[in-house]
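A.B. asks: My questions all concern the structure below.
The values are calculated or read from the model by the stated rules, or taken from the named source; none is laboratory data. The structure presented is a predicted model; accordingly, all values stated were derived computationally and were not measured. Positions of Cβ are generated from backbone atoms using ideal geometry, with glycine treated the same way; all protein chains shown enter the neighbour counts. Heavy atoms of the whole protein, side chains included, go into the accessibility calculation; ligands, DNA and RNA do not. Shrake-Rupley method; radii C 1.70, N 1.55, O 1.52, S 1.80 Å.
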Amino acid sequence: MNLWVAVPAYNEERSIGATLRRLGEQSDREFSLVVVDNGSTDGTAGIVRDFAREHPGRNVRLVAEPQKGTGAAADTGLRYAIEHGATHIARTDADCLPHPDWISAVRRALDGGLEMVSGPLRPRTDEFRLKLWERRLLPTVVELAALAGRYRKGNQDPAYLGPYLMMPGCNMAISARLYEEAGGFPRTRIEEVHEDRALVNRVRRLTTAYGLRKDMVVYGSVRRLRAYGLIGTLAWYADHRYTPDVVDIR
């Protein structure tokens, strides 16, 4: 297995350093890393270059994607990895902290026969001083979104070979073969299409070799939840029924 990790990033100078450090602290370090700078106007790219310089033994790449959008940036990262020999690619986001055993869990799942896998998304506790209800709210939002997704009309089609599963783009891994066969992430903006959901449904037309693993944990930012509120966040994940004027929350 030639495993790569792809991280799309846009104006994440306050968060990406922690993400890179956590990836550098993984118990399994046998992977390459590509960060996709999606037109940042802050110090994001410089932080990635500094990390690469400080870790000369690691294969860290920084590439640019001028087309704005999480889908476009993620697709560029995964395709770059494949072009450079990746047989499997994991994705997380530049405001997330993968568990120290995340890569190990990814490898176990993919070695175990799955071609696409995801796991729990839990709240980061280092960004803000979280109240008890906030600690519990993000998992609840994810669970509600996953439940709603099972009954969403767009996720129901006789052509699907397996059930709908919520697989967040910030905690996902896939084989290069399946990614290319499925057509990859749609090259869209975050407010246009949930690119992770779209990829899951593309995969569901091809195979049942996808699933969830409890040990593949990523800690995600709660900044959107704080900015949108509970109802707004749920509406955002329900086909963008709520879309604020400012989508990129920093």
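A.B. asks: Filter region 211-221 down to residues that are touching a helix residue (DSSP H, G or I) at 6+ places or on another chain (Cβ under 7 Å) and open to solvent by 20 Å² or more (accessible area, probe 1.4 Å) and give me whichever is nearest to residue 72 (Cα to Cα).
C.D. replies: 213
A.B. asks: Let me ask you something else. Would you call residue 36 at pLDDT 95 or above, within 21 Å of residue 185 (Cβ to Cβ), more than 15 Å from the chain's Cα centre (by Cα) and of a type outside the set (Lys, Arg)? Before the answer, list the steps.
C.D. replies: On the way: at pLDDT 95 or above: yes; within 21 Å of residue 185 (Cβ to Cβ): yes; more than 15 Å from the chain's Cα centre (by Cα): no; of a type outside the set (Lys, Arg): yes.
Taking the combined requirement at face value, the residue does not satisfy it.
A.B. asks: Only residues that are out of contact with any helix residue (DSSP H, G or I) (no Cβ under 7 Å at 6 or more places or on another chain) and buried (at least 18 other Cβ atoms within 10 Å of the Cβ): list them for region 21-31, please. Working first, answer last.
C.D. replies: The initial filter retains those residues of region 21-31 that are out of contact with any helix residue (DSSP H, G or I) (no Cβ under 7 Å at 6 or more places or on another chain), namely 21-25, 29-30.
22, 23, listed by residue number.
A.B. asks: Please work out which residue is farthest from residue 222 (Cα to Cα), limiting yourself to region 6-47 and to residues that are in contact (Cβ under 8 Å) with a residue 40 or more places away in the chain, in a loop (DSSP other than H, G, I, E, B) and of a type in the set (Gly, Ala, Ser).
C.D. replies: That would be 27.
A.B. asks: With the requirement that a residue be open to solvent by 50 Å² or more (accessible area, probe 1.4 Å) and assigned to a helix (DSSP H, G or I), what does region 48-63 give you?
C.D. replies: Selection gives 49, 50, 53, 54.
A.B. asks: Hey, can you tell me all the residues within region 140-192 that are open to solvent by less than 60 Å² (accessible area, probe 1.4 Å), assigned to a helix (DSSP H, G or I) and at pLDDT 90 or above?
C.D. replies: Selection gives 176, 178, 179, 182.
A.B. asks: Every residue in region 9-20 that is open to solvent by 10 Å² or more (accessible area, probe 1.4 Å) and touching a helix residue (DSSP H, G or I) at 6+ places or on another chain (Cβ under 8 Å), please.
C.D. replies: Residues satisfying the conditions are 10, 11, 12, 13, 17.
A.B. asks: Another one. Please tell me if residue 205 is modelled with pLDDT of 90 or more and surrounded by fewer than 16 Cβ atoms within 10 Å (Cβ to Cβ). Steps first, please.
C.D. replies: Working: modelled with pLDDT of 90 or more: yes; surrounded by fewer than 16 Cβ atoms within 10 Å (Cβ to Cβ): yes.
Considered against the rule, which asks whether it is modelled with pLDDT of 90 or more and surrounded by fewer than 16 Cβ atoms within 10 Å (Cβ to Cβ), residue 205 comes out as yes.
A.B. asks: Which of (1) surrounded by fewer than 19 Cβ atoms within 10 Å (Cβ to Cβ); (2) closer than 26 Å to residue 183 by Cβ; (3) touching a strand residue (DSSP E or B) at 6+ places or on another chain (Cβ under 7 Å) does residue 78 not meet, given it meets every other one?
C.D. replies: Result: residue 78 passes all but (1).
A.B. asks: Contact list please: Cβ distance under 9 Å, first residue in region 135-164 and acidic (Asp, Glu), second residue at pLDDT 80 or above, pairs at least six apart or on different chains.
C.D. replies: 143/166; 157/201; 157/204; 157/205
A.B. asks: If residue 1 passes every condition in (1) hydrophobic (A, V, I, L, M, F, W, C); (2) part of a loop (DSSP other than H, G, I, E, B); (3) over 18 Å from the mean Cα position of the chain (by Cα); (4) surrounded by 17 or more Cβ atoms within 10 Å (Cβ to Cβ) but one, which one does it miss?
C.D. replies: (4)
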